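Read through the structure below, which is laid out as structure tokens, and then see the notes.
The values are calculated or read from the model by the stated rules, or taken from the named source; none is laboratory data. Remember, predicted model here, so these are calculated numbers, not experimental data. Every residue, glycine among them, receives a Cβ derived from its backbone with ideal geometry; neighbour counts consider all protein chains shown.
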Amino acid sequence: MKESLDLSNRQRLKIPYEAIMETATPGDILFFISDSGRLKNTSWINREYRKWLGFSPLDTSEWHTTVYVGPKKESKGAGFRPYIVHAVPKGTFETYVPPEYFANTQHEGVIRCGRTEIIRCSSIENNDRERIVKFCRQQLGKPFDDDERWYRNIVTLVLGIRSLPRDPAKVSCHGLAFDAYALIGMSFPHQLNNAPNLMGKIIGHPVGHPPKNVDLSSNYLRDHFLYRDNRFSNIIALFCAKQVDGEVVIERNPTKYSWNGALQKAYG
């Protein structure tokens with residue numbers, strides 16, 4: 001089912017906010033997925049690196065992972081807004097969902113298409129959700145861990161050898177979600193089918209990691225692997241129907257990659 005509203009009227013923001021608060025449960029994972037087209041003309045080595053990370057050549061999306069922690073009353077007025085915990089270059093914060101997460105914005109003539117999708121693992125209990133939210137809030141104020149840099153993962157992707165451990169005093173956006181769900185007992189399988197993974201192909205898994213699952217202290221997984229995880233289902237998507245200042249479409253229970261049939265086919 002799809003609903004829509006005019007984003008140009010800021011008073012109407014309460015409708016997508018209410019849709020999030022009515023649908024999401026604290027502990028769900030909220031993704032900001034954007035595409036400005038800038039990756040279409042990226043370098044050969046960057047395209048190859050994205051392939052090793054499991055991206056289709058057709059996929060130019062960029063991802064940011066947050067954890068939904070529930071509604072909070074606005075400082076002014078009687079309204080509520082949905083809040084997330086996330087890590088960004090300035091640090092780890094709790095904030096309301098920015099409208100830019102489901103809008104299309106223009107900068108220097110380039111349009112960036114924004115989309116919010118929320119996924120849920122229906123098998124976890126309420127006490128697990130409380131532990132996830134508590135863990136995320138315990139990370140507030142920690143500095144950002146830019147663990148997406150190629151040199152942090154190249155030894156795993158190419159050689160199939162565990163990389164140096166992450167700094168536990170720092171937080172990355174996807175690392176926050178992976179670590180929060182690991183806290184309640186979830187583990188995450190290796191995802192190196194598209195990488196050279198030289199040693200890993202010999203022994204069946206990257207050297208230094210457990211045979212079946214990733215040691216998250218040296219996590220090489222990224223946002224899109226969490227999104228694709230079959231244990232999580234998509235519960236809501238919000239996005240702009242037009243290029244700029246268009247309608248916000250609210251789509252409930254969409255299929256994953258519903259915005260692009262070619263990607264649905266590529267990722268099965």
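Across the range 30-50, not a single residue is classified as out of contact with any Cys (no Cβ under 8 Å at 6 or more places or on another chain), at pLDDT 95 or above and more than 16 Å from residue 100 (Cα to Cα). Among the residues of the range 152-168, is any within 21 Å of the chain's Cα centre (by Cα), of a type in the set (Ser, Thr, Tyr) and crowded, with 17+ Cβ neighbours inside 10 Å? There is no residue in the range 152-168 that is within 21 Å of the chain's Cα centre (by Cα), of a type in the set (Ser, Thr, Tyr) and crowded, with 17+ Cβ neighbours inside 10 Å.
Looking across 257, 220, one residue alone is within 30 Å of residue 14 (Cβ to Cβ) and in contact with a helix residue (DSSP H, G or I) (Cβ under 6 Å, 6 or more places away or on another chain). It is 257.
Return the residues of the range 23-49 that are without any contact (Cβ under 8 Å) to a residue 24 or more places away in the chain and either of a type in the set (Lys, Arg) or closer than 16 Å to residue 237 by Cβ (or both); say none if nothing qualifies. Show your work before the answer.
Step one: of the range 23-49, the residues without any contact (Cβ under 8 Å) to a residue 24 or more places away in the chain are 39-48.
Result: 40, 47.
Applying the condition of being free of Cβ contacts under 8 Å to residues at least 60 places away in the same chain and surrounded by 20 or more Cβ atoms within 10 Å (Cβ to Cβ) to the range 217-268 and asking which residue is nearest to residue 17 (Cα to Cα) yields 257.
Where in the range 190-268 are there helices (runs of 4 or more DSSP H), lying fully within it, with 2 or more residues that are within 21 Å of the chain's Cα centre (by Cα)?
Numbers: elements: 198-203, 223-228, 261-267.
Qualifying helices (runs of 4 or more DSSP H): 223-228, 261-267.
Within the range 181-196, the only residue that satisfies the criterion of being under 12 Å from residue 133 (Cα atoms), surrounded by fewer than 23 Cβ atoms within 10 Å (Cβ to Cβ) and of a type outside the set (Val, Ile, Thr) is 183. Would you check if there is a residue in the range 10-28 being modelled with pLDDT of 95 or more, within 26 Å of residue 231 (Cα to Cα), among the β-branched types (Val, Ile, Thr) and outside any helix (DSSP H, G or I)? Yes. Of all residues in the range 117-155, those satisfying the criterion of being over 19 Å from residue 21 (Cβ atoms) and either of a type in the set (Ser, Thr, Tyr) or part of a strand (DSSP E or B) (or both) are 123, 144, 151. Screening the candidates 142, 90 for the property of being loosely packed, with under 15 Cβ neighbours inside 10 Å and in contact with a strand residue (DSSP E or B) (Cβ under 9 Å, 6 or more places away or on another chain) yields one hit, 90.
Please work out which residue is nearest to the chain's Cα centre (by Cα), limiting yourself to the range 73-87 and to residues that are part of a strand (DSSP E or B) and modelled with pLDDT under 95.
At the first step, the residues of the range 73-87 found to be part of a strand (DSSP E or B) are 73, 80-87.
Keeping just the survivors that are modelled with pLDDT under 95 gives 73, 80-81.
Values: 73: 25, 80: 24, 81: 20 Å.
Per the stated criteria, the residue is 81.
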